[in-house]
Amino acid sequence: MTTPQPVNNPKSPGAVSAALLALLGHERFLTDNQSLQHYGRDWTRFAAPAPSGVLLPNTISEIQAIVGLARQHGIKLVPSGGRTGLSGGAMATNGELVLSLERMRKILPVNKAGRSVTCEAGATTAQIQQAATKEGLMYPVDFASSGSSQIGGNIATNAGGIQVIRYGMTRDWVTGLKAVTGTGELLELNQGLIKNNTGLDFRHLFIGSEGILGVIVEATLALTDPPRNPRVMVLGIQTMSALMQVLANCQAQLTVLAFEFFSDLALEKVTNQHSIQTPFQARHPFYALVEFESTSTAAETQALQVVEACMASGWVNDAVLSQSESQRRSLWRLREDISETIAQWTPYKNDISTTVQQAPELLSRVDAVVAQHYSDLEVVWYGHIGDGNLHLNILKPDGVSVSDFQDRCKGVSAHLFAAVQKLRGSISAEHGVGLLKKEFLRFSRTEAEIELMRGVKAQFDPDGIFNPGKVFDP
Ligand code: MLT
Ligand code: ZN
């Protein structure tokens, strides 16, 4: 067993290590290299993990004791969930202690009358979804990483996903949360109440805060009815402006559950990687994946009519409609497997948004930036275009170092984000700011707002122990 090393340059390292060992024991205070590498990073691959230890508390009071030690000894803490983030928000690169919630994953019985569930922050998204499904209900925030992402992390990043167009983001489903602040205080926010107009709602400060105010330890989530008979269509589309026409028509005439898009290169990468068949004989520049509720034959007929009308207008070239649950799932894989498939190229990820009505303008401005700056690179387009959210992934060519590649892409980001700023859009629609986007935050938020954020952090975390250097610099 390795002896814990001094942590994050505290005032008295030996005393800290001894106190942490006394609190958690060797099994829950890890300092071996493998654990440091594993817990010190998220799904980004642009910085090397370098925490000085990993803490695995079992209870809220242990977390409060850890925060007490952190304050006393000047230690920095990085809250850690499933580490599926894409902006480096859960990276520990500077000798911090990782505070992992993975042992705190209890889910209480679903409250059927109140249609809610309360769980500890380390429960995975999939476990919560399963608990809801068992009771005939649904937790509707969903994404490809639901098997490993944890609810605390989902809340801290206000995770979006594939059904935001119908159900909204994580923020819309959190009716209560408990968090331990940088002073060690346990806040119990909104207690699962539907109605509570008693002043400022701090719950919403913690949602999307990326761990800079404290650590989320428990949540109460609203549940809803699952959709009835969801069906999926994949449509082959010629241009991005046609894509937006199709969106408008689907929204007007169907109960849309998801409206996603991806480019032909995205489809090619996924089908090659997983030996899946493409749904069409011909290739098309873009594809829309539309999921809708098909509650009657009339609803299905309506969907077919929408597609026929879009074909007659020249917006859609080709279409397939799922005829069974397994076909629905296979069609979804074409979209959901993109992120994992392209991870092997260490992509530089852009996650930008505008209002839905401005999405055509966003797409054409982004297209111009791509044509000018990335004509020699593979660029994979996909995203939640029904929410105005585009994921633009630049693939790293072989033989180029990660840091050179990142420097080049960062240079282009300034052009991309200037276009986003002109449309008053967001430089990070759903992945958060973390480490990777913080130098660009000013493209979406004013200096005055960032200064206010610093002030809010100082209120909740006066010693700056939680997730330092994330979102903005002190
Ligand atoms: C997705 O939409 O697939 C996720 O946000 C992950 C990604 O952008 O790679
Ligand atoms: Zn996404």
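The values are calculated or read from the model by the stated rules, or taken from the named source; none is laboratory data. Just so it is clear, the structure is predicted and the values come from calculations on it, not from any experiment. All Cβ positions, glycine included, derive from the backbone under ideal geometry; neighbour counts span all protein chains shown. Heads up: the accessible areas ignore ligands, DNA and RNA and are worked out on the full protein's heavy atoms, side chains in. Shrake-Rupley method; radii C 1.70, N 1.55, O 1.52, S 1.80 Å.
In nm, to one decimal, how far is the modelled label at residue 248 from the one at residue 311, with both set 7 Å along Cα→Cβ?
2.2
Per-residue ellipticity at 222 nm for the chain, helices alone: DSSP H runs ≥ 4 residues times -39500 (n - 2.57), over residue total, nearest 500 deg cm²/dmol?
Working: 15 runs with 169 residues, N = 474.
The helix contribution divided over the chain gives -11000 deg cm²/dmol.
Which loop-located trypsin sites (Lys or Arg not before Pro) does segment 149-238 contain, where loop means any DSSP state but H, G, I, E or B and the Cβ has at most 16 other Cβ atoms within 10 Å?
On the way: sites: 166, 171, 178, 195, 203, 228, 231; in loops: 195, 228.
Of the trypsin sites (Lys or Arg not before Pro), the ones in loops of segment 149-238 whose Cβ has at most 16 other Cβ atoms within 10 Å are 195, 228.
With every protein chain left in place, what is the accessible area of residue 422 in Å² (1.4 Å probe, nearest 10)?
Spelled out: residue 422, probe radius 1.4 Å, area about 150 Å².
Only Lys, Arg, Asp and Glu count, each charged at its Cβ (+1, +1, -1, -1), so figure out the dipole size of the chain about its Cα centre, rounded to 20 debye. Mind dumping the intermediate values first?
Working: 40 positive and 45 negative charges, 127 e Å.
Dipole size: approximately 600 debye.
Over segment 69-190, what is the mean sequence separation of C-alpha contacts under 8 Å (at least six apart), divided by residue count, expressed as relative contact order in percent? The partial results should precede the final answer.
On the way: 180 pairs, mean separation 23.0, N = 122.
Answer for segment 69-190 is 19 percent.
Between segment 62-130 and segment 353-402, what is the C-alpha centre distance in whole Å?
Answer, in whole Å: 32.
Quick one: which residues, 5 or more positions from residue 378 or on another chain, have an amide H under 5 Å from its amide H? H modelled 1.01 Å from N in the peptide plane, none for Pro or chain starts.
Those qualifying (amide H under 5 Å, at least 5 residues apart or on another chain) are 395.
Determine which residues of segment 265-300 fall in the zone a paramagnetic label at residue 228 would reach in this model, i.e. backbone nitrogen under 13 Å from the point 7 Å along Cα→Cβ.
Hits in segment 265-300 for residue 228 at 13 Å: 293-300.
Would you mind computing, in nm to one decimal, how far apart the modelled labels at residue 304 and residue 344 are, each placed 7 Å from Cα along Cα→Cβ?
Using points 7 Å along Cα→Cβ, the separation is 4.0 nm.
Please tell me the relative contact order of the chain in percent, rounded to the nearest whole number, where contacts are Cα pairs under 8 Å and at least six residues apart. Before the final figure, lay out the partial values.
On the way: 977 pairs, mean separation 72.6, N = 474.
Result for the chain is 15 percent.
Run the quick spin-label model on residue 276 and residue 191: label points 7 Å from Cα toward the beta carbon, then report their separation in nm to one decimal.
The modelled label-to-label distance comes out at 4.6 nm.
More than 25 Å apart: what percent of Cα pairs in segment 169-306 qualify? If you can, show how the numbers build up before the last one.
On the way: 5063 of 9453 pairs.
Of all Cα-Cα pairs in segment 169-306, 54 percent lie more than 25 Å apart.
Cα atoms only, the chain: Rg and Dmax in Å?
In Å, with Rg to one decimal and Dmax whole: 22.9, 74.
Could you report segment 284-347's accessible area per residue, 1.4 Å probe, as an integer in Å²? Provide the component values of the computation, followed by the final result.
On the way: 2910 Å² over 64 residues.
Each residue of segment 284-347 exposes 46 Å² on average to a 1.4 Å probe.
Cβ under 11 Å from residue 214's Cβ, residue 214 left aside: what net charge do those residues give with Lys, Arg +1 and Asp, Glu -1? Mind showing how you got there, number by number?
Values: positive: 178, 457; negative: 185, 461.
That works out to 0.
Just need the Rg to Rh number for segment 1-160, please, alpha carbons only, Kirkwood Rh. Mind showing how you got there, number by number?
Details: Rg = 16.8 Å, Rh = 16.5 Å.
Radius of gyration over Kirkwood radius for segment 1-160 works out to 1.02.
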